[in-house]
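Here is the structure we will look at, set down as structure tokens.
No lab work stands behind these numbers, since they all come straight from the coordinates. These numbers were taken from a predicted model, which means no experiment stands behind them. Cβ coordinates were reconstructed from backbone atoms using ideal geometry, including for glycine residues, and neighbour counts include every protein chain displayed.
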Amino acid sequence: MNLFAVVLNWNGGEDTLTALRSLAGVESICVDNGSTDGSDVAVAEQLPQVELLRTGANLGFAGGNNVGIRRALERGADWVLLLNNDATAEPGLADALAEAAAARPDAGLLACTILHEDGVTVQYAGASFNARLGYSGRVATTAPAGVRDVDRADGAALAVSKAAAERAGLLDETLFLYVEDVEWSLRIRRAGFAVVLVPRARVRHKGSAASGGRTSTTNLYYDTRNTIAVAERHEPLPRGARGLRRSVIVGAHLAQALRHPTRLEAANAVVAGWRDARSGRTGQRSSA
């Protein structure tokens, strides 16, 4: 297995250096996604073995990672591991991915088991997504004994095969942030590949550091907008049913907004996401 790793740096600080150091022995590429705190210089100085690519702007999760994926494929990768810069790889991750790739030649995505920072509690061990309902099912928090198929991978730590990337395409840059991993999983499965959870490929993850947390206004806006967009793309419905699905998605996100310290601001973010989805606006959210 010719594995390369891509770490996307946009939060800055020590997180990116820690993530890259955890990948010792794996050819690694760091994509600096418009950071402004000098962390790109620290990577260049302290980790000269890591290839550093500077985008010059924030291209979003999808756009930044796609820069790294393209470069890894140019360098001869047949698998590319994406690792959030607020995540660290546990020992044995590369070997676990290699074994799974050999055992499951039909796999296009290998999903890692994602742990919380304590290294014990499971954050992700597989999950589903029902595009017809626009509903992300309950995330499994108990890792199975062996590899198994799942509906969707988690973008905090996943590996994509060269074959899947070439046949299904890369991450959808119009989504910019959030739900790209769901959309990619759906598209790769539709292209004939499996999405496979690898229990022994483990990472620790702080979670949502780029956007401020699961109930941040940034998260709520993009998650609302992109969930609607992805559901409508992959499971088109008649007008009335489409409106009902949108209302269910918005209602679920408004329930999350109630847990936000400034509920009105959070609710407004959900409504803005709904409005932009309805009007077909994509990419980075306008500041207007």
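Taking the number of Cβ atoms within 10 Å of each Cβ as an exposure proxy, the fewest-first ranking of Ser39, Ser286, Ser28 is Ser286, Ser39, Ser28. Compared with the dominant Cα axis of the chain, that is its longest principal axis, helix 263-279 is turned about 90°. For the chain, the relative contact order comes to 19 percent (Cα pairs under 8 Å, sequence separation of at least 6).
Legend: ranking of residues Cys30, Cys112 from fewest to most surrounding C-beta atoms inside 10 Å; resulting order Cys30, Cys112. Amide H to amide H, with H built 1.01 Å from N, Asn9 comes under 5 Å of Val31, Asp32, Asn33, counting only residues 5 or more places away or on other chains.
Listing Leu170, Leu158 from fewest to most neighbouring C-beta atoms within 10 Å gives Leu170, Leu158. For the chain, the longest principal axis of the C-alpha atoms and the axis of helix 93-103 are separated by about 80°. Based on DSSP H segments of at least four residues, each scored -39500 (n - 2.57), the chain has a per-residue ellipticity at 222 nm of -12500 deg cm²/dmol. Angle of helix 217-234 to the longest C-alpha principal axis of the chain, folded into 0 to 90 degrees and rounded to 10: 80°.
About its Cα centre, region 3-205 has a charge dipole of approximately 740 debye under the convention of +1 per Lys or Arg Cβ and -1 per Asp or Glu Cβ, with nothing else charged.
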